[in-house]
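The values are calculated or read from the model by the stated rules, or taken from the named source; none is laboratory data. A quick note: this is a predicted structure, and the numbers were derived from the prediction, not measured. Every residue, glycine among them, receives a Cβ derived from its backbone with ideal geometry; neighbour counts consider all protein chains shown.
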Amino acid sequence: MIELAPSVLSADFARLGAEAQAAVEGGATVLHVDVMDGHFVPNITIGPPVVASLRKVSKVPLDCHLMIERPDEFIPAFAEAGADWISLDRTLHLIAAHGCKPGVVINPATPVHAIDEVLPLVHHVLVMSVNPGFGGQTFIRSSLKKIELLSNIRESRRLGFRIEVDGGIHRDTVADVVRAGAEILVSGSAIFEQGNPSENARQLLKSALDAAKQPVQDLSSAVAGAADGANSLSLP
Ligand code: DX5
Ligand code: ZN
């Protein structure tokens, strides 16, 4: 099942409720909330009070992507604020203990095998297709291979995690990620930067669903053509 998860990082924060609602009207079924502390990544965004405000205006699951130091200390506050999913690279049991769905994140330079052991524990794997920190970056095409590998591992080990992808998803990249096996599509600038979020969401979801209907292709040519994979080594 393909789902669109608009990243509110690219929304107008002064009109957050209306923008989020517009994206949901356009077919989005999850809202992705990027939490950054200026230490784990070089940008500062929002915290539990904004999650609590979003919780009041929207019924869809809130997918909180924590890019913060000492995340364990903040999980109770995000859970209390109404987060439904919480993604980060450790403390999965703590997330589950607070009643949220745990996800693990692999940044561009992290190999899929780094998370082999935790795959049975997670609700979702978030594949970063940009280095975390900012919206509007270029999609790193080598992440397609990771999505494909995760999809194969899930089948061979009979696991149930969902595959989510985040960064640089727009109408030129969405078909490739869907064909590679991604199901939850985070998209920020393509939804909120220009035009109407509702219409943008509708069109992006339509492209994704169209791609899902097409037969799976060999992705090696798409990945071999990648010119922008080199910067995937810039973060641990
Ligand atoms: C980046 C964030 C993303 C970001 C995606 O660190 O995790 O969720 O908002 O934005 P786009 O879709 O513009 O690449
Ligand atoms: Zn994110």
Qualifying residues in the range 165-203 (those that are within 13 Å of residue 139 (Cα to Cα) and among the hydrophobic types (A, V, I, L, M, F, W, C)) - the one surrounded by the most Cβ atoms within 10 Å (Cβ to Cβ) = 165
Mind listing just one residue for me: the one in the range 198-214 that is out of contact with any strand residue (DSSP E or B) (no Cβ under 7 Å at 6 or more places or on another chain), part of a helix (DSSP H, G or I) and not small (Gly, Ala, Ser) and, of those, nearest to ligand 2 (Cβ to nearest atom)?
-> 200
Tell me, yes or no, whether the range 181-195 has at least one residue that is more than 18 Å from residue 21 (Cβ to Cβ), more than 15 Å from ligand 1 (Cβ to nearest atom) and touching a residue at least 40 places away in the same chain (Cβ under 8 Å).
-> yes
Which of the residues that make up the range 96-113 are without any contact (Cβ under 8 Å) to a residue 60 or more places away in the chain and closer than 21 Å to residue 44 by Cβ?
-> 105
Members of the range 108-134 that are over 21 Å from residue 83 (Cβ atoms) and in a loop (DSSP other than H, G, I, E, B) | 108, 109, 110, 111, 129, 130, 131, 134
Which one is farthest from ligand 1 (Cβ to nearest atom), of the residues in the range 120-145 that are out of contact with any Lys or Arg (no Cβ under 7 Å at 6 or more places or on another chain) and among the aliphatic types (A, V, I, L, M)?
-> 121
Across the range 71-95, the tally of residues that are modelled with pLDDT of 90 or more and farther than 13 Å from residue 30 by Cβ stands at 11
Being of a type in the set (A, V, I, L, M) and away from ligand 2 (no atom under 15 Å from the Cβ) narrows it down to one of 165, 125, 130, 118, so name that one.
-> 118
